[in-house]
Amino acid sequence: MTNPAIPAGLPPKVGVLGGGRMGAGIAHAFLVKGSHVVVVERDSEAADAARGRVEDAVGKSLARGLAGNAADYTSRLLVTTDYASFGDRELVVEAVPELWDLKVSSLRAVEAELGNGAVLASNTSSLSVNGLADELDRPQDFLGLHFFNPVPASTLIEVVVGKKTSEPLAAAARDWVEALGKTAVVVNDAPGFASSRLGVAIALEAMRMVEEGVASAEDIDNAMVLGYKHPTGPLRTTDIVGLDVRLGIAEYLHETLGERFAPPQILREKVARGELGRKTGKGFFDWSR
C-alpha cells in the first residue's frame, strides 16, 4: 500500500507537543489520514514512550481493519526532543498537562520555531484560549482544538475560537476536523467551553451523590447510561480522564464560575490518596482486574 491520499484541507505537515495519552492519540489521528507528523517530547525516555503509544494505536487500528501495514504509517512519524523540528509544520497542536505556566511556556517555545502562516493550537480542555492568546506574538494564528479521550474512538473535536482568532483560521479548523472524520463543535472561548463545563457539572454532582450515600458509583453510572443513553457514566468517565485532571478543571471552574463547581471532598481525598482512576488502577472503580 502507498501512503493514503491526504483529504482536502488537511495539513500535510503536523506537529504535536507532548506524546502522552492525548498527544499520541492526536498524532495517530493525523497519521492515519496521511499527514506527516512530528511529536516533540521533553527527553529521550519520554520520546521513546510516546513513539510506543503512537505505534500501539496504529497497531490497534490495523487490527480493526485499517488498510496497509504499520510501516505505511510509522514511516511518516518522527518523535524527537528538538523543538526546531516544528519549523516546517503547518499546524502544531500543544498537548501538555493542564497547568497554566506550563501551557504558556510551551506555547511560546513552539511559536518561536514556527514559520509565517503556521497555526498553533492548544488541546486545553478548560483554560482560557483568550488568556493563552494574550501570551503569544501571533494570537490571530491561535485557537483551541479540544480532542477527546480516547482520540481514535472519539468522533468529536471542540473548536474553541478566541477573540483574536482570524475568521479564515476558524473556518479552516472546521475543515480539518471533517477531514479527520470527526465532527466539530464550535464555541467561543468561555470557562470550560461547552463540553468540559457540562461534563464536569454532571460528574461533580455524581460524586456528591456517592459522598451522600444516595447510591453506589455503579448504580449512578447505570442510571445515566441506561436512562439517558450516555455511552459511559460520569464516574467511569472521570476514572478514564483522571481524577487529578477533573480536580484541576473543577478548581478552575470554581474560581471562574462560582460555588456550583466547588470540588467535592471525596474527589480531593481520592486524589490525595493517589486514586486517580484507570491510570493508577483505582478511582471510583477498580481497574486492577
Proximal charge balance of Pro168 [Cβ under 12 Å; K/R count +1, D/E count -1]: -2
Solvent exposure of the range 223-281 as accessible area per residue, Å², 1.4 Å probe: 52 Å²
Rounded to the nearest 20 debye, dipole of the chain from Cβ charges on Lys, Arg, Asp, Glu: 680 debye
Within the chain, helix-based [θ] at 222 nm, where runs of 4 or more DSSP H residues each add -39,500 (n - 2.57), nearest 500: -13500 deg cm²/dmol
Reachable lysines, given that their alpha-carbon falls under 24 Å from the alpha-carbon of Lys33 and they are not under 8 places away in the same chain: Lys13, Lys60, Lys182
Surrounding net charge for Leu132, when Lys and Arg each add one and Asp and Glu each subtract one, Cβ distance under 13 Å: -4
Gaussian network model of the chain, Cα within-10 Å springs - most flexible of Gly25, Gly227, Gly258: Gly227
Contour minus Cα-Cα distance for Ser216 and Glu251 (0.36 nm per residue): 10.2 nm
Pairwise centroid distance, computed over Cα atoms, of the range 4-50 with the range 211-275, Å: 30 Å
Nearby aspartates and glutamates by direct alpha-carbon distance to Lys164 (threshold 15 angstrom, same-chain neighbours under 8 apart not counted): Asp134, Glu135, Asp137, Asp141, Asp189
Helical segments meeting 18 Å axial Cα length and Kyte-Doolittle -1.0 threshold in the chain (DSSP H): 44-63, 167-179, 195-211, 243-257
For the range 151-284, size of Cβ-based charge dipole, Lys and Arg +1, Asp and Glu -1, in debye: 240 debye
Restricting the range 1-100 to trypsin sites (Lys or Arg not before Pro) in coil, as DSSP defines it, with at most 10 other Cβ within 10 Å: Arg64
Nearest-20 debye value, the range 1-156 charge dipole, Cβ charges on Lys, Arg, Asp, Glu: 640 debye
Within the accessible area of the range 102-230 (1.4 Å probe), percent carbon and sulfur: 52 percent
Exposure ranking of Ser166, Ser122, Ser44 by accessible area [1.4 Å probe, largest first]: Ser44, Ser166, Ser122
Sum of side-chain charges, Ala203 neighbourhood, beta-carbon under 12 Å (Lys, Arg +1; Asp, Glu -1): +1
Å² of accessible area per residue within the range 1-140, as computed with a 1.4 Å probe and no ligands counted: 42 Å²
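The values are calculated or read from the model by the stated rules, or taken from the named source; none is laboratory data. Quantities reported herein were computed from a predicted structural model and do not represent experimental measurements. So basically every Cβ, Gly included, is an ideal-geometry build from the backbone, and we count neighbours across all protein chains shown. Just the protein is used for accessible areas: all its heavy atoms, side chains included, with ligands, DNA and RNA removed. Shrake-Rupley method; radii C 1.70, N 1.55, O 1.52, S 1.80 Å.
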